[in-house]
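Okay, so here's the structure we're looking at.
Every read-out reported here was derived from the displayed coordinates using simple, explicitly stated rules and does not represent laboratory data. Values in this document were obtained by computation on a predicted structure and should not be read as measured data. Counting neighbours? That spans all protein chains shown, and the Cβs are built from the backbone with ideal geometry, glycine included.
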Amino acid sequence: MEEKRNVYDVLMERGFIEQCTDPDKVRELLGKESVTFYIGFDATADSLTAGHFLTIMAMMHMQKAGHRPIALLGGGTTMIGDPSGKSDMRTMMTREKIDYNASRFAQQLSKFIEFDNDKAIIANNADWLLDINYVEFLREIGVHFSVNKMLTADCYKQRLERGLTFFEFNYMLMQSFDFYKLHKMYGCKMQLGGNDQWSNIIGGVELVRRKDQEEAYGLTFKLLTTSEGIKMGKTMKGAVWLDPEKTTPYEFFQYWRNIEDVKVEECLGLLTFLPMDEVRRLGALEGAQINEAKEVLAYEITKIVHGQEEADKALEAARAVFAQGGKSENMPTTEMAKADFDGGIKVIELLVKTGLCKTNGDARRMIEQGGVSVNDEKVTDVFAVVTADDVDADGDIVLKKGKKNYNKIILV
């Protein structure tokens, strides 16, 4: 009988796995039984981001292979905020805001993970963290943590230089307690997360082993970064969101269409379900041909996140606007009142209003560098204004920044 393909091998081949507490045991475990595992999502915003998408893809691979995901919403841990990778303390959020964000995460996750018939679980650590008796918690959990060891953890090192509050110092204990609770409640044996979570995951693995005298495992994924080591998923407008109201499918498509050449193969392996032979073929393309691979990457990711219809529209729009003077009904649009243009509006103001530039200073620099056009005419004057008379034959105003960023202003 042919051995069933092990999801550990799949994740390794596709480039997910960065660190693992016991690779041989984890691979063996994933090959012989259905494993309940968890990934935590602190509810710091009202939408998941492109950064979360990598861990969601890993959850999908795991579920397809017969394992059971727990999506743990951080209704409790978000009250503190994870210091990992942060140089300053997170802004504190109200309970109501956190609860709302967690409910939005649950909706979005259900697009990717099948929760029916106990195939996956959504849990919220607010259920056990918010009513903790602090003295009991310290007696039960705190005794298992060495402060000396915690201070050597990567998640605290960066903050020690700037000042780490005791408030945040508790975060590792709380996340470790999550693993212990999920192990008790659901038989959860593994925690998965981004590589910046390694110290917190180790804390949970060791707590489960000490408290329950049972094996527990941790596995981390690589973080998506640019070639300079900066986290991917940021644009001039801010984060790349999975919510189409916050980042349109076209903008989402364009983000992946415009990534660095050297990152194409890596992202195809991590963020699509294309066979690895095809991933390697596309990743090997050079010169102008790499644009074919980028288009495939953008289309495949957009299809998973927003569905085939939106991916088709985004592809059509991208191809249309890439052609000189091209327009598409699916390109990003901004509606503005005709009356707003009676006295003329500065191009700088339009660039900011449409989100093509973040600030007036950014807009000014783009114009000075010759990177802005209105209806395909280059703007050379930073004081240039646009009036209702400047509409094209269709009654629109097409604003372009650089080679690939467009916005169609529709006058209403």
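Listed by chain and number, the lysines whose C-alpha is less than 17 Å from the C-alpha of residue 189, apart from same-chain residues fewer than 8 away, are 25, 32, 119, 181, 211.
With a threshold of 21 Å on the Cα-Cα distance, the over-threshold entries among 64/97; 97/353; 64/231; 358/401; 346/401; 263/303 are 64/97; 97/353; 64/231. The modelled label-to-label distance for the pair residue 61/residue 117, using points 7 Å beyond Cα in the direction of Cβ, is 2.5 nm. Within region 1-65, the trypsin sites (Lys or Arg not before Pro) that combine a DSSP coil assignment with at most 14 other C-beta atoms in a 10 angstrom radius are 4, 5. As a calculated quantity, the FRET efficiency between residue 410 and residue 209 at R0 = 51 Å, using C-beta atoms, amounts to about 0.25. Compared with the alpha-carbon gap, the fully stretched path from residue 166 to residue 338 is longer by 56.4 nm at 0.36 nm per residue.
Work out, step by step, the length gained on full extension between residue 226 and residue 9: first 0.36 nm times the residue separation, then minus their alpha carbon distance; give nm to one decimal.
The residue 226-residue 9 span can extend by a further 75.6 nm.
Computed extension length for residue 352-residue 284: 20.7 nm, one decimal, from 0.36 nm per residue of separation with the Cα-Cα distance subtracted. Amide H contacts of residue 385: 347, each under 5 Å away and 5 or more positions distant or on a separate chain (H built 1.01 Å from N in the peptide plane; Pro and chain starts excluded). In the chain, the sites counted are GluC sites (Glu not before Pro) in DSSP loop states with at most 16 other Cβ atoms within 10 Å, and the longest stretch holding none of them, exclusive of the sites, is 115-213.
Relative protection proxy for 117-125, 172-180, from highest mean packing down: 172-180, 117-125 (other beta-carbon atoms within 10 angstrom). Taking label points 7 Å from Cα along the Cα-to-Cβ direction, residue 292 and residue 28 give a separation of 4.6 nm. What is the angle, in °, between the Cα long axis of helix 50-64 and the longest principal axis of the Cα atoms in the chain? Nearest 10 is fine, range 0 to 90. On a 0 to 90 degree scale, this one is about 50. Between the residues 341, 361, 190, the greatest Cα displacement towards the positive end of the dipole of the chain, with unit charges on the Cβ of Lys, Arg, Asp and Glu, is found for 190. Region 36-64 and region 223-282 have their alpha-carbon centroids 16 Å apart.
For region 248-322, relative contact order (Cα pairs under 8 Å, six or more residues apart, normalised by length) works out to 43 percent. For residue 359 and residue 319, the FRET efficiency from 1/(1 + (r/R0)^6), where r spans their Cβ atoms and R0 equals 30 Å, is about 0.45. Given the alternatives (i) 25; (ii) 28; (iii) 35, percent of Cα pairs over 36 Å apart as computed for this entry is given by (iii).
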